[in-house]
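For reference, the structure discussed in these notes is given below.
Any read-out appearing in this document is the output of simple, stated calculations on the displayed coordinates, not a laboratory observation. From a predicted model like this one, the values you see are computed outputs, not experimental measurements. Here Cβ is always computed from backbone atoms with ideal geometry, including for glycine, and neighbour counts include all displayed protein chains.
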Amino acid sequence: MLNIHHLELFYYVAKFEGVSAAARNMPYGIQQPAISGQILELEDRLGGPLFQRRPFALTHAGEELYQYIKPFFEGLDGVEEKVRGGATQVVRLAASTIILRDHLPEMLQNLRPKFPKLKVLLREGVQPQIEAWLAGHEVDLAVTVFDGTPPAGVQSEALLELPVVLIVPKSLKIASVEDLLKRDRIDQTLISPPPSETITKNFQDFLAKRGVVWPPGMEVNSLELVKTYAACGFGIGLTVAIPGMPLDKHMRALPIEGVKPITIAVLRHPNLPPVAMALIEEVRKRAKSLIS
């Protein structure tokens with residue numbers, strides 16, 4: 001008999017078009033080499049390759065097998081719901097204000113038809129808080145800034161990169177960031193997130209390499225507050241350029257050449273229920289729509 005676990009792994013490889021993508025989307029933790037090894041065992045059992053590696057493409061045998069097993073694995077969500085008796089399904093999410101306010105409501109609306117008893121527990125926070133919640137298993141998944149070192153046992157998937165910018169009042173006669181950097185020490189008030197945030201660390205590292213001193217004059221715990229206080233005339237704001245997010249009409253954004261862009265990622269625990277995986281898929285779609 002065929003190994004059902006091998007078939008499950010092949011299903012995810014075929015669905016997400018590659019071993020790496022399958023590893024990121026499995027509902028439980030498994031490394032890419034383990035998937036590759038077990039797929040090879042399946043191919044040995046069946047007597048030939050099931051897909052072409054680069055570029056990815058199913059072989060005739062692979063397509064036939066995928067179409068055969070696809071209804072079974074795609075139907076598991078419905079079976080679970082029936083066995084659970086239609087119980088409430090909970091997902092615990094942490095994210096920034098912008099994501100929770102401007103993006104999540106529509107994504108949850110998209111999930112309602114499939115998960116009518118969905119219950120969502122939301123936490124609003126910044127990167128250090130969110131990572132602590134994940135490490136303490138207080139949330140299941142998060143959409144946050146990612147610097148390449150997730151908490152132990154947490155899986156990560158990069159969604160998009162956002163350039164770092166300064167937002168300045170149009171009344172200030174500053175043509176570019178280079179105009180500011182001509183000085184060894186900048187006197188204008190810098191409004192920025194706390195020093196522990198990746199965006200602030202990246203920017204201060206950039207200034208240090210240029211030999212420029214510009215300490216924050218106002219620290220706020222969200223990029224939304226950076227925009228608010230900059231628009232109110234309290235100083236120059238350090239933030240990121242978010243696609244589709246308009247600035248106050250009295251402000252303009254100055255790109256900063258040389259500062260490492262900020263990566264936004266999904267961080268999650270393995271073995272999440274189908275409702276959480278479905279929400280992650282909605283997050284992927286939203287990220288793609290922002291950069292397309």
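One table, with the values for the structure above:
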| quantity | calculated |
| --- | --- |
| Listed peptides 165-174, 54-63 by packing density, highest first (mean Cβ within 10 Å) | 165-174, 54-63 |
| Which labelled figure in (1) 16.9; (2) 13.6; (3) 18.1 is mean projected area of the Cα convex hull in nm², once derived from the coordinates | (3) |
| Potential lengthening between S196 and S292 on full extension [0.36 nm per residue; Cα-Cα distance subtracted] | 31.5 nm |
| Exposure proxy ranking, count of Cβ atoms within 10 Å, fewest first, for I291, I236, I262 | I291, I262, I236 |
| Protection proxy ranking, peptides 185-195, 26-36, average beta carbon neighbours within 10 Å, highest first | 185-195, 26-36 |
| Contour minus Cα-Cα distance for L121 and S171 (0.36 nm per residue) | 13.7 nm |
| Three-way shape label, the range 151-227, alpha-carbon gyration tensor, a/c 1.5 | prolate |
| Per-residue HN-Hα couplings for the range 247-260 [Karplus 6.51, -1.76, 1.60; θ = phi - 60°; Hz; x = Gly/Pro] | 8, 4, 5, 8, 10, 9, 9, 10, x, 10, 6, x, 8, 4 |
| Potential lengthening between V90 and D184 on full extension [0.36 nm per residue; Cα-Cα distance subtracted] | 28.6 nm |
| Given K260/K288; K119/K227; K170/K209; K182/K260; K227/K260, the pairs whose alpha carbons are separated by over 25 Å | K119/K227; K170/K209 |
| Per-pair calculated FRET efficiency, R0 = 22 Å: E74 and R45 via Cβ, rounded to 0.05 | 0.45 |
| Label-point separation in nm, A132 to R112, each point 7 Å along Cα→Cβ | 3.5 |
| Hz values of 3J(HN,Hα) by residue in the range 112-118 - Karplus curve (6.51, -1.76, 1.60), Gly and Pro given as x | 4, x, 7, 10, x, 9, 4 |
| Residues whose placed amide H lies under 5 Å from that of D140, excluding near-sequence neighbours | R92, L93 |
| Structure-based [θ]222 nm, the chain - -39500 (n - 2.57) summed over DSSP H runs of at least 4, per residue, nearest 500 | -12500 deg cm²/dmol |
| Rel. contact order, % - alpha carbon contacts under 8 angstrom, at least six apart, the chain | 22 |
